[in-house]
Amino acid sequence: MTQVTVKRMWKNFGSQVVLENVNLHIGDHEFVTIVGASGCGKTTFLKILLGIETPSKGEFLIDGDPLAGEPGPDRGIVFQRYSLFPHLTVMQNLLLGLEFQGSPLLGRLFGARRRRALERARDLLEAIGLQDAAGKYPAQLSGGMQQRLSIAQSVICEPKILLLDEPFGALDPGITADMHALILKLWNMNKMTIFMVTHDLQESFELGTRVLVFDKVRIDPQAPEAFGATVTYNIPLKGHRSAVGE
Amino acid sequence: MRRLINLSPNRAGALTLSVLPFVLVVAAYLFYSSARNAANPGDKLLPLPATIAATIHQYAFEEDERSGEVLLWKDTASSLERLLAALAVSAVVGLSLGLAIGVLPYLRATLAPFVAALSLIPPLAILPILFIVVGLGEAAKVTLIIIGVTPVIVRDLAFRTAELPGEQLIKAQTLGASSWQLILRVVLPQLWPRLIDAMRMSLGSAWLFLIAAEAIASTEGLGYRIFLVRRYLAMDVILPYVAWITLLAFTMDWLLRLLRAKAFGWAGPGA
């Protein structure tokens with residue numbers, strides 16, 4: 001069970017207020033999509049959740065505990081680009097998380113533990129349709145394949161929360177439908193909570209169990225940096241989850 | 001007429017063109033050397049190919065009358081020994097320090113400006129200090145090369161480390177990596193090909209420092225020999241030695257490039 005609670009949270013960089021007075025409660029196994037104009041703090045919100053930015057004021061709690069000040073294995077991330085390791089093959093990329101968590105000193109698994117990890121990775125590889133590319137390097141994959149691998153790479157660590165920062169933004173529109181099916185499948189398999197930033201409204205309503213809209217409620221034309229954005233709409237979408245289950 | 005920037009030679013043409021400057025230099029040498037020798041058979045400045053060949057034979061295949069050793073091989077062995085020892089130390093120090101400075105902000109804050117300052121000291125200017133401190137032996141020569149080459153490699157690798165996309169390091173942390181694991185599995189493997197690039201770039205200055213050190217204080221070595229026979233205007237020794245040094249440097253560069261391509265195919269072709 002993962003509960004994310006945000007209470008009266010503000011974030012500012014110097015005098016520039018990016019987020020103001022954000023209040024949220026997200027229950028377990030939700031698929032939260034985050035939309036809003038550019039510069040409205042969507043990515044900043046995600047970075048705070050990831051642990052690479054800290055709130056300036058207020059609280060940001062996961063299961064009642066404040067966020068760790070750095071990224072950790074309970075929160076996976078898929079960026080738009082650059083989240084694969086170019087020197088590792090597809091299989092090695094997928095194994096990496098298991099090897100980090102299973103071998104503190106060498107970061108590599110051997111023997112029976114390696115075989116078990118390989119088995120898990122192979123199943124996941126099949127689920128994302130990359131079983132024939134196991135020995136390839138990321139540079140040899142298409143953009144869509146890279147993103148599928150990057151998602152699987154995070155999912156294999158079974159994070160409580162998966163963060164997606166415009167993961168399909170750089171992809172060919174023709175393959176986004178496949179990607180949507182894949183992410184919903186993995187979301188249901190792993191019972192995690194997903195936060196996904198997107199600029200595609202249709203996508204946000206298609207995938208989400210809840211849509212958050214970030215926007216500025218107050219604007220001072222003389223000092224545009226004085227007011228930040230907040231969650232202006234928090235829209236729960238009913239019946240979605242059962243539809244996915246079919 | 002198409003633009004010049006769009007005109008390129010085919011393979012055979014490119015090969016011919018690449019050989020052309022070499023042929024021109026050799027031809028010019030042959031022409032002037034025979035002209036000078038026709039005017040003065042005792043000319044030492046541009047010796048004839050036959051003279052050079054005889055000298056090469058003498059240095060490379062005959063034992064020296066005084067030492068009983070074959071000079072070219074003895075010089076080559078001692079020079080390469082110094083060069084490779086220094087390069088090995090520079091590579092190890094450069095990689096570990098560069099990586100650490102690139103990855104750990106505290107170490108970067110402490111050492112980056114210091115290394116930047118170090119790399120600006122002209123190594124030859126502190127050669128006298130080395131001679132005073134570590135004496136005139138092998139240590140001084142090897143140390144000179146290390147001092148000349150290492151700061152550059154450290155800085156280069158620190159920059160290359162910092163160039164790795166931040167997304168990668170964050171992703172690794174979300175996969176549960178500790179700092180150590182991240183260095184071992186993410187940063188270090190990606191630095192190997194960059195270390196090879198840095199070594200290739202430093203080869204030129206490494207040879208420069210080697211020859212400078214040998215010219216000043218040595219009893220054997222390629223640089224020592226060149227500066228020794230300079231007193232006798234022995235161009236028939238100097239020219240083959242220079243060509244030999246160039247060939248050695250070229251071979252080392254080529255081997256490093258080959259290693260990079262074979263061992264780190266994922267990194268794409270190097271420069």
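The values are calculated or read from the model by the stated rules, or taken from the named source; none is laboratory data. Computed from a prediction, not measured in an experiment: that's the story for all the values here. As a convention, Cβ positions derive from the backbone with ideal geometry for all residues, glycine included, and neighbour counts pool all protein chains shown. The accessibility values were calculated without ligands, DNA or RNA, using every heavy atom of the protein model including side chains. Shrake-Rupley method; radii C 1.70, N 1.55, O 1.52, S 1.80 Å.
Things to note:
- Screening B:Arg160 with (1) without any contact (Cβ under 8 Å) to a residue 60 or more places away in the chain; (2) of a type outside the set (A, V, I, L, M, F, W, C); (3) open to solvent by 50 Å² or more (accessible area, probe 1.4 Å) gives one miss only, at (1).
- Answer from B:Arg155, B:Arg185 - the residue that is among the basic types (Lys, Arg), farther than 25 Å from B:Ser78 by Cβ and either surrounded by 24 or more Cβ atoms within 10 Å (Cβ to Cβ) or within 14 Å of chain A (Cβ to nearest Cβ) (or both): B:Arg185
The rows are residues; the columns are (1) farther than 18 Å from B:Thr76 by Cβ; (2) at pLDDT 95 or above; (3) within 14 Å of chain A (Cβ to nearest Cβ); (4) open to solvent by less than 40 Å² (accessible area, probe 1.4 Å).
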{"position": "B:Leu195", "(1), (2), (3), (4)": "yes, yes, yes, yes"}
{"position": "B:Met201", "(1), (2), (3), (4)": "yes, no, no, no"}
{"position": "B:Ala217", "(1), (2), (3), (4)": "yes, no, no, yes"}
{"position": "B:Gly221", "(1), (2), (3), (4)": "no, no, no, yes"}
{"position": "B:Arg231", "(1), (2), (3), (4)": "yes, no, no, no"}
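- Within the range B:233-271, the set of residues being within 14 Å of another protein chain (Cβ to nearest Cβ), in contact (Cβ under 8 Å) with a residue 12 or more places away in the chain and surrounded by fewer than 17 Cβ atoms within 10 Å (Cβ to Cβ) comprises just one member, B:Ala263.
- Residue in the range A:93-110 that is within 18 Å of A:Leu164 (Cβ to Cβ) and within 9 Å of chain B (Cβ to nearest Cβ) present: yes
- Every residue from the range A:144-166 that is in contact with an Asp or Glu (Cβ under 8 Å, 6 or more places away or on another chain) and open to solvent by 40 Å² or more (accessible area, probe 1.4 Å): A:Lys160
- Restricting A:Ser154, A:Ser150, A:Ser204 to residues that are in a helix (DSSP H, G or I), at negative phi and away from chain B (no Cβ under 12 Å) narrows the list to A:Ser204.
- Enumeration of residues in the range A:57-92 that are of a type in the set (A, V, I, L, M, F, W, C) and either within 12 Å of chain B (Cβ to nearest Cβ) or not in a loop (DSSP other than H, G, I, E, B) (or both): A:Phe60, A:Leu61, A:Ile62, A:Ala68, A:Ile77, A:Val78, A:Phe79, A:Leu84, A:Phe85, A:Leu88, A:Val90, A:Met91
- Within the set A:Thr54, A:Thr43, A:Thr33, the sole residue that is in contact with a helix residue (DSSP H, G or I) (Cβ under 9 Å, 6 or more places away or on another chain) and either charged (D, E, K, R) or not in a strand (DSSP E or B) (or both) turns out to be A:Thr54.
- Residue selected from the range A:43-56 under the condition within 14 Å of chain B (Cβ to nearest Cβ) and at negative phi, by the criterion most open to solvent (accessible area, probe 1.4 Å): A:Lys47
- B:Gly166 over 18 Å from B:Ala88 (Cα atoms), open to solvent by 30 Å² or more (accessible area, probe 1.4 Å), modelled with pLDDT under 95 and within 14 Å of chain A (Cβ to nearest Cβ): yes
- A:Asp65 vs. criteria more than 21 Å from B:Ala267 (Cβ to Cβ), open to solvent by 50 Å² or more (accessible area, probe 1.4 Å) and not assigned by TED's automatic domain parsing to the domain that holds A:His29: no
- Considering residues of the range A:207-226 that are in a loop (DSSP other than H, G, I, E, B) and open to solvent by 60 Å² or more (accessible area, probe 1.4 Å) only, the residue farthest from A:Val35 (Cα to Cα): A:Gln222
- A:Gly129 vs. criteria part of a loop (DSSP other than H, G, I, E, B) and small (Gly, Ala, Ser): yes
- B:Leu24 vs. criteria at pLDDT below 95 and more than 23 Å from B:Gly221 (Cβ to Cβ): no
- Selection of the range B:205-215 for residues being under 12 Å from the mean Cα position of the chain (by Cα) and open to solvent by less than 50 Å² (accessible area, probe 1.4 Å) yields B:Ser205, B:Ala206, B:Trp207, B:Phe209, B:Leu210, B:Ile211.
- Selection over the range A:187-202 of residues that are out of contact with any Gly (no Cβ under 9 Å at 6 or more places or on another chain) and modelled with pLDDT under 90 gives a count of 5.
- Residue match in the range B:120-136 (condition: surrounded by 20 or more Cβ atoms within 10 Å (Cβ to Cβ), in contact with a His (Cβ under 9 Å, 6 or more places away or on another chain) and assigned by TED's automatic domain parsing to the domain that holds B:Asp253): no
- Checking each residue in the range B:36-63 for being assigned to a loop (DSSP other than H, G, I, E, B) and surrounded by 13 or more Cβ atoms within 10 Å (Cβ to Cβ) picks out B:Asp43, B:Lys44, B:Leu46, B:Pro47, B:Leu48.
- Candidates in the range A:83-136 are the residues that are of a type outside the set (A, V, I, L, M) and in contact with a Gly (Cβ under 8 Å, 6 or more places away or on another chain); of these, the one that is surrounded by the fewest Cβ atoms within 10 Å (Cβ to Cβ) is A:Arg113.
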